[in-house]
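*Asks:* Have a look at this one before I ask anything.
The values are calculated or read from the model by the stated rules, or taken from the named source; none is laboratory data. Small disclaimer: the values here were computed from a predicted structure and weren't measured. A quick note on method: Cβ atoms are made from the backbone with ideal geometry, for glycine too, and the neighbour counts reach across all protein chains shown. Note: areas computed on protein heavy atoms with side chains; ligands, DNA, RNA excluded. Shrake-Rupley method; radii C 1.70, N 1.55, O 1.52, S 1.80 Å.
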Amino acid sequence: MSNTRASVEALLQPFTEKNEGTLDYHGLHGFLTALTICPTVLTEQERNENIFDSEAKLPVATAKELNHLIAHMQTAIDRGFNDEEEGFSLSCEAELEDHDDEALANWCTGFMVAHFLNEDAWFSTNEQEVCELLLPIMLASGLFDDEQEFKDIRKDSKLTEDMCSQIPEVLMELYLIFNAPEEKKPHNTGKRRL
């Protein structure tokens with residue numbers, strides 16, 4: 001994944017320098033992770049507008065390279081969710097210990113950008129559970145820091161740290177809800193005999 005990361009960073013850097021709303025590598029990884037968990041049909045233009053936070057007119061060669069890199073990243077993300085040994089890992093896994101880390105905030109912001117594109121689909125089933133599972137990602141993104149609930153959580157650094165450290169586990173739960181709902185069902189649904 002390191003070669004892909006270097007290529008993505010090199011491609012995005014000129015855009016992130018011009019527009020701070022452009023997703024960086026971690027933001028793009030979060031964005032694609034959300035689209036892998038809850039697929040949303042986007043045209044290439046719509047996808048790019050969300051990645052670059054504007055209408056980006058990419059040269060043909062750059063657009064082709066971006067499509068190739070995104071396909072590679074999405075395949076790796078999906079494989080991670082389905083790999084029982086290695087499992088899924090964030091692009092900023094090492095930064096999970098630091099809930100104020102910029103890479104983690106960028107990853108979570110990218111995830112939320114994709115989430116906002118199709119909120120109805122995210123909450124169409126298991127709304128309460130999905131809301132609760134999204135909380136650590138919402139917290140780490142920093143997008144909701146003005147809301148009282150998040151202000152209160154942020155006051156407790158241990159709680160904030162604990163919530164952020166749960167993100168990989170939370171993502172796996174979300175993936176199962178949307179992609180393997182039968183695995184989420186309890187195995188014994190019959191009534192207990194007394």
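*Asks:* Please work out the Kirkwood hydrodynamic radius for the chain, using every pair of different C-alpha atoms, and report it in angstroms with one decimal place.
*Replies:* After inverting the mean inverse Cα-Cα distance, the result is 17.7 Å.
*Asks:* Now a separate question. Once you mark the GluC sites (Glu not before Pro) that are in a DSSP loop and have at most 13 other Cβ atoms within 10 Å, what is the longest gap between them in the chain?
*Replies:* 87-146
*Asks:* A follow-up question, please. In the stretch 1-73, which trypsin sites (Lys or Arg not before Pro) fall in coil by DSSP and have 12 or fewer other Cβ atoms within 10 Å?
*Replies:* On the way: sites: Arg5, Lys18, Arg47, Lys57, Lys64; in loops: Lys57.
Here the trypsin sites (Lys or Arg not before Pro) that fit, given the DSSP loop and packing criteria, are Lys57.
*Asks:* What accessible area per residue, rounded to a whole number of Å², is obtained for the stretch 1-100 using a probe radius of 1.4 Å?
*Replies:* I get 56 Å² per residue for the stretch 1-100.
*Asks:* Sticking with this one: What are the ³J(HN,Hα) values, in whole Hz, obtained from phi via the Karplus relation 6.51 cos²θ - 1.76 cosθ + 1.60 with θ = phi - 60°, for each residue of the stretch 11-27 in sequence order, with x given for Gly and Pro?
*Replies:* With the stated coefficients, the stretch 11-27 comes to 5, 7, 3, x, 7, 5, 5, 7, 9, 5, x, 5, 5, 8, 4, 5, x Hz.
*Asks:* Only Lys, Arg, Asp and Glu count, each charged at its Cβ (+1, +1, -1, -1), so figure out the dipole size of the chain about its Cα centre, rounded to 20 debye.
*Replies:* Rounded to the nearest 20 debye, it is 720 debye.
*Asks:* Place +1 on the Cβ of every Lys and Arg and -1 on the Cβ of every Asp and Glu in the chain, take the dipole about the Cα centre, and give the residue among Leu58, Ser141, His72 whose Cα lies farthest towards its positive end.
*Replies:* Going by the Cα projections, it comes out as His72.
*Asks:* Ignoring ligands, DNA and RNA, what percent of the accessible area of the stretch 31-188 is carbon or sulfur (1.4 Å)? Let's see the in-between values first.
*Replies:* Numbers: 4060 of 8750 Å².
Carbon and sulfur together cover 46 percent of it.
*Asks:* Turning to a different aspect of this structure: So, with +1 on the Cβ of K and R and -1 on the Cβ of D and E, and no other charges, what is the size of the charge dipole of the stretch 1-56 about its Cα centre, to the nearest 20 debye? Provide the component values of the computation, followed by the final result.
*Replies:* Working: 3 positive and 9 negative charges, 48 e Å.
That gives a dipole near 240 debye.
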